[in-house]
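Data first, discussion second: the structure below is written as structure tokens.
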Amino acid sequence: MGSLNIVIATLGVITAIVLLIKKYDTRAVLFGVGLLMAVLAMNPMGALEAFSKSMTSANLIMAICASMGFAYVMKFTECDIHLVHLLTKPLSGLKFFLIPIATILTFFINIAIPSAAGCAAAVGATLIPVLIASGVRPAMAGAAILAGTYGSMLSPGSSHAAIISEFVDLSIPQIHMVHAPYTLTAAAIGTVTLTILAVILGDYGQKHRDEYRAKNQEAESHVMKVNVLYAIAPLVPLIILVIGGTSLNQVEWLAWTKMKVPEAMLIGAIYAVLVTRTSPAKITDQFFKGMGNSYADIMGIIITASVFVAGLKATGAIDAAIGFLKESNEFVRWGATVGPFLMGIITGSGDAAAIAFNRAVTPHAPELGYEFVNLGMAAAVAGAIGRTASPIAGVTIVCAGLAGVNPMDMIKRTAPGMVLAILFLALFML
């Protein structure tokens, strides 16, 4: 790797970070900087070929587009809201214990509603007022929801699991089974730490309850009549894929559950049509609208991240980094976790850094002494955890708006647990 290429790669990475911090479009930044690095390294076709190759990645397109199509159907039919109300309605009398329960609940709802901001909006609109009315400080109420918004790492539509499935002979549900114990433990660490901080900071008590009542004497909570059949709809594909991805599919009458993500999402959408009696034409329109938007928004980041990685490869930076990691194996665990974590905090997005890592480094996992799934999903979860500790992330701003607080007041509460969770991933998952 020549000195000029070192300068090109270094300036490229710094430029990308600065532009992402300034909230420029992620896709434009990754594509533009990646192509520029490739041009300066005299290999522009490498970047363009990476773009075209990523456009037709079958596993990614099927899993992500189908999942987002289904998510649009759930939002259109309001089945997601029914699920949230079904799960949160019985919790109003739990008082202080609402804090950890809200985080856990958000985490698991985020599996069924994989968009972090979308899940926070659906859950937070219902649960944050319940938390505050029960005597929880508004900043802690928002933080409790925010801390649970990386449950999507276990979603059937996870783009990261889809990327890793290209390297191993495992389905997306099987990949989730491998990393689930670590991801769930990281979530538990964040939840317990947040609960301890609530006690230390005095974030629950009669004083906060009285302040809420004084400000909301005439306000009444919106109570909707929950339809259990509607509430089940977001869980249908998840249940099918979990059964199909485990030994339960060996049971004769459950053998049909062994299917791919798109089929499960279509069954979920058909179920929604039947129970909500919504026009099939409207459901079809929403499903395909979700598929199209997911290609633009999610696949767009994956495709342009591959261009950025191709630009780095053209400079020789990727080969040099892999060579360094091979000789200094002890740095891999920290590079795969702390790196995406810090990028998630700085940019407010955990996906860009994690996807770039999984495109550039994870394919070489065996050479570095690691399993594909552990290395790749450690980076993915680390990025999502970093985003959960970022004051500029979209989901943070949603939660802050619902709680009526400054985003930094929430981050002071989520960040300690997220740091401990990252240390756990680095030391035990890798």
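The values are calculated or read from the model by the stated rules, or taken from the named source; none is laboratory data. Given the structure is predicted, the values throughout are model-derived calculations rather than measurements. Because the Cβ atoms are built from the backbone with ideal geometry, glycine has one as well, and the counts that use them run over all protein chains shown. Heavy atoms of the whole protein, side chains included, go into the accessibility calculation; ligands, DNA and RNA do not. Shrake-Rupley method; radii C 1.70, N 1.55, O 1.52, S 1.80 Å.
Distance between the 7 Å Cα→Cβ label points at residue 184 and residue 423: 2.4 nm.
In the neighborhood of residue 170, defined by Cβ-to-Cβ distances under 14 Å, what is the net charge if each Lys or Arg adds +1 and each Asp or Glu adds -1? Counting the neighbours of residue 170, the net charge comes to -1. Exceedance of the 32 Å cut-off in Cα-Cα distance is limited, within the set 225/289; 258/282; 53/326; 22/53; 53/260; 75/207, to 75/207.
Projecting the Cα atoms of 294, 426, 366 onto the dipole axis of segment 274-430, where Lys and Arg carry +1 and Asp and Glu carry -1 at the beta carbon, places 294 farthest toward the positive end.
In degrees from 0 to 90, rounded to the nearest 10, what is the angle of the helix 206-215 Cα long axis to the longest principal axis of the chain? For helix 206-215, the angle is close to 80 degrees. Taking amide hydrogens as placed 1.01 Å from N in the peptide plane, the amide H of residue 204 sits under 5 Å from those of 137, each at least 5 positions away in sequence or on another chain. Among 195, 77, 15, the largest mean-square fluctuation in a Gaussian network model of the chain (Cα springs under 10 Å) belongs to 15. Quick check: the angle from helix 332-347's long axis to the longest principal axis of the chain, C-alpha only, nearest 10 degrees? Rounded to the nearest ten degrees, it is 60.
Need one word for segment 85-167: rounded, prolate or oblate. Basis is the Cα gyration tensor (sqrt eigenvalues a ≥ b ≥ c); a/c below 1.5 gives rounded, then a/b vs b/c decides. Here segment 85-167 falls in the prolate category. Length gained on full extension, residue 86 to residue 200, computed as 0.36 nm times the residue gap minus the Cα-Cα distance: 37.9 nm. Karplus-based coupling profile of segment 415-428, in residue order and whole Hz: 4, x, x, 5, 5, 5, 5, 5, 4, 4, 4, 5, 8, 10, with θ = phi - 60° in 6.51 cos²θ - 1.76 cosθ + 1.60 and x standing for Gly or Pro.
Segment 261-293 and segment 378-400 have Cα centres lying 29 Å from one another. For segment 104-113, 3J(HN,Hα) computed residue by residue from phi via the Karplus equation (6.51, -1.76, 1.60; θ = phi - 60°) reads 5, 4, 4, 4, 6, 5, 5, 5, 7, 10 Hz, glycine and proline entered as x.
Normalised radius of gyration (Cα atoms, divided by 2.2 N^0.38 Å) for segment 34-130: 1.64. Only lysines eight or more places from residue 23 in sequence, or on another chain, were considered; those with a Cα closer than 23 Å are 412.
Remark on residue 405: its backbone amide H falls under 5 Å from none of the residues 5 or more positions apart or on other chains, H modelled at 1.01 Å from N. Shown is the FRET efficiency for residue 125 and residue 39, computed with R0 = 41 Å from the Cβ-Cβ distance and rounded to the nearest 0.05: 0.30. Taking the centroid of alpha carbons for each part, segment 28-59 and segment 96-138 are 39 Å apart.
Shape class for segment 226-329, computed from the alpha carbon gyration tensor (a ≥ b ≥ c): oblate, with a/c not under 1.5 and a/b at or below b/c. Ligands, DNA and RNA left out, the 1.4 Å accessible surface of segment 315-375 is 61% carbon and sulfur atoms. Structural descriptor for the chain: relative contact order 27 percent, calculated from alpha carbon pairs under 8 angstrom and at least 6 residues apart. Considering only 148, 157, 394, the Gaussian network model of the chain with Cα springs below 10 Å gives its largest mean-square fluctuation to 394. With protein chains left intact and a 1.4 Å probe, residues in the chain average 43 Å² of accessible area per residue.
What's the angle, to the nearest 10 degrees (0 to 90), between helix 172-200's Cα axis and the longest principal axis of the chain? The helix 172-200 is inclined about 60 degrees to the chain.
Stretching residue 297 away from residue 255 to a fully extended chain increases their span by 11.7 nm, per 0.36 nm per residue minus the current alpha-carbon distance.
For residue 22 and residue 48, a Förster radius of 22 Å and the Cβ-Cβ distance give a FRET efficiency of 0.25, rounded to the nearest 0.05.
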